[in-house]
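The values are calculated or read from the model by the stated rules, or taken from the named source; none is laboratory data. What you see is a predicted model, and the numbers here were worked out from it, not measured in a lab. Cβ: placed from backbone, ideal geometry, glycine included. Neighbour counts: every protein chain shown. Note: areas computed on protein heavy atoms with side chains; ligands, DNA, RNA excluded. Shrake-Rupley method; radii C 1.70, N 1.55, O 1.52, S 1.80 Å.
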Amino acid sequence: MFKNPKMIISCNLDDCACDVETIDSFNNDQLFPKLQALLESDYFRFYKVTLNKPCPFWTSSSHCGLRDCAVKPCSPVSSSFQPNQEECLWETREALLDWSKYDDEAQRFCVVDDEDSPDSQYVDLLLNPERFTGYKGPEAWQIWNSIYEENCFKPYTVKRPLNPNSFPSSSGGEARTFYSWLEGQCVEKRAFYRLISGLHASINIHLSARYLLQDSWFQKKWGHNISEFKVRFDSELTAGEGPKRLRNLYFLYLIELRALAKALPFFQQHGIRLYTGRPEEDQKHKELLLEILQLAKSFPLHFDETSLFAGDEKEAAKLREDIRLSFLNISRIMDCVDCFKCRLWGKLQTQGLGTALKILFSERQIKALPVSSDHRPSFQLNRQEIVSLLNAFGRISTSIRELKNFRSLLAEDW
């Protein structure tokens, strides 16, 4: 018997002076509508990526042959673009190429090959939405298993809770051992695991919310798959793991929200432009971005990042570098995803989270930003980082909103 639908989603946030209802109201009523409008603008809808890089860690058997795994590339065209054409909207090819001169180098949490590779291409994110493609099974599980087992500081002797299908035959001992080990780790390593788990949960919500419900020669119907959502998040069907995954999603939301608030001084600089070659639109979208960042700053119960890396300076520096390298490795694992559309969104969301961490780890550099454009600041975000930061948070924001939709659907089903 499935329990009260509120129980699957309601939860208290560990280590955060905040509750789910506060976040839901702030996100769904205030932030989400403005953010979606911004992400539909030209600056944020196009993402440069290389999708044909080989997996650096194991031999991939083949690329996904499912048609919904394919990515529609961006082909710059003239202003004769019509709204019903599945192509990119650009005035000229030169305007597209001109974007690169506004990028700056900085310390990174993700590989930069995609931006510099001759094989890279711009992809219109609105034409390639994140949704269920049919990509699943051992190949998909290998990706997440590699991320958790090799990059979350966990010894191999400690087994984490695995596929929900394995739970019915399990006594729960492995889960208890895992969480006992996790609670014994420093706050930074616990936070890192929760961020990865939260990202995993967010992606699963997207797949459940935009599931292929009907596929015929004349029509495809995408929508909410309640059964898929239950399999991934129901407490009984996941031996208690589902609510933990959702708590980690909210934790991820707070981390990325805090990063947006901390990045406000950078974007307030006069020289920072959302450049697309259309001055009036660029200014309008920068004003909207600043409005969103001010709104993020106004959130009353932000995560306190000062609890991170607060110990011995040398130990903190080493731990910070270990986390950066682990995240860098995770970004490389994205090239092992056989589904190109999944690879696209995996790369974008990984880079977005990495950019959020970069912002949180650069507080002193951000505070030292010059008031004059005559001096080159020590902190920079390039176009790729800005686009991925806002789109990644857009995905998390969408997940929070989709939980409201699932809550209503579960209430009807219950």
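Residues in the range 388-406: is at least one aliphatic (A, V, I, L, M), in contact with a helix residue (DSSP H, G or I) (Cβ under 8 Å, 6 or more places away or on another chain), closer than 27 Å to K34 by Cα and part of a loop (DSSP other than H, G, I, E, B)?
no
Of all the residues that make up the range 214-258, how many are in a loop (DSSP other than H, G, I, E, B), under 21 Å from N405 (Cα atoms) and of a type in the set (A, V, I, L, M)?
Final tally of qualifying residues: 1.
Do the conditions hold for K347, that is, is it touching a strand residue (DSSP E or B) at 6+ places or on another chain (Cβ under 9 Å), buried (at least 21 other Cβ atoms within 10 Å of the Cβ) and part of a helix (DSSP H, G or I)? Please lay out each step first, then the result.
Values: touching a strand residue (DSSP E or B) at 6+ places or on another chain (Cβ under 9 Å): yes; buried (at least 21 other Cβ atoms within 10 Å of the Cβ): yes; part of a helix (DSSP H, G or I): yes.
Criteria met by K347.
Against the definition (at pLDDT 90 or above, surrounded by fewer than 20 Cβ atoms within 10 Å (Cβ to Cβ), of a type in the set (G, A, S) and under 19 Å from L252 (Cα atoms)), how does S331 come out, yes or no? Write out each step before concluding.
Working: at pLDDT 90 or above: yes; surrounded by fewer than 20 Cβ atoms within 10 Å (Cβ to Cβ): no; of a type in the set (G, A, S): yes; under 19 Å from L252 (Cα atoms): yes.
Against the criterion (at pLDDT 90 or above, surrounded by fewer than 20 Cβ atoms within 10 Å (Cβ to Cβ), of a type in the set (G, A, S) and under 19 Å from L252 (Cα atoms)), S331 does not qualify.
Check off (1) over 30 Å from Y122 (Cβ atoms); (2) surrounded by 15 or more Cβ atoms within 10 Å (Cβ to Cβ); (3) of a type outside the set (K, R); (4) touching a Leu at 6+ places or on another chain (Cβ under 9 Å) for I255 and give me the number that stays unchecked.
Result: I255 fails condition (1) only.
Given the conditions (1) of a type outside the set (D, E, K, R); (2) more than 30 Å from K72 (Cα to Cα); (3) open to solvent by less than 30 Å² (accessible area, probe 1.4 Å), report the number of the one that G184 does not fulfil.
Exception for G184: condition (3).
What do you reckon, is R278 open to solvent by 30 Å² or more (accessible area, probe 1.4 Å), within 24 Å of the chain's Cα centre (by Cα), within 21 Å of R45 (Cβ to Cβ) and at pLDDT below 95? Working first, answer last.
On the way: open to solvent by 30 Å² or more (accessible area, probe 1.4 Å): yes; within 24 Å of the chain's Cα centre (by Cα): no; within 21 Å of R45 (Cβ to Cβ): yes; at pLDDT below 95: yes.
The answer is no for R278.
Please indicate, with yes or no, whether at least one residue in the range 46-64 is in a loop (DSSP other than H, G, I, E, B), modelled with pLDDT under 60 and crowded, with 16+ Cβ neighbours inside 10 Å.
The answer is no, given that none of the residues of the range 46-64 is in a loop (DSSP other than H, G, I, E, B), modelled with pLDDT under 60 and crowded, with 16+ Cβ neighbours inside 10 Å.
Quick one: which of A106, A17, A37 is of a type in the set (A, V, I, L, M), farther than 30 Å from I333 by Cα, out of contact with any helix residue (DSSP H, G or I) (no Cβ under 6 Å at 6 or more places or on another chain) and at pLDDT below 85? Reasoning before the result, please.
Values: A106 fails: farther than 30 Å from I333 by Cα; A37 fails: at pLDDT below 85.
Result of the check over A106, A17, A37: A17.
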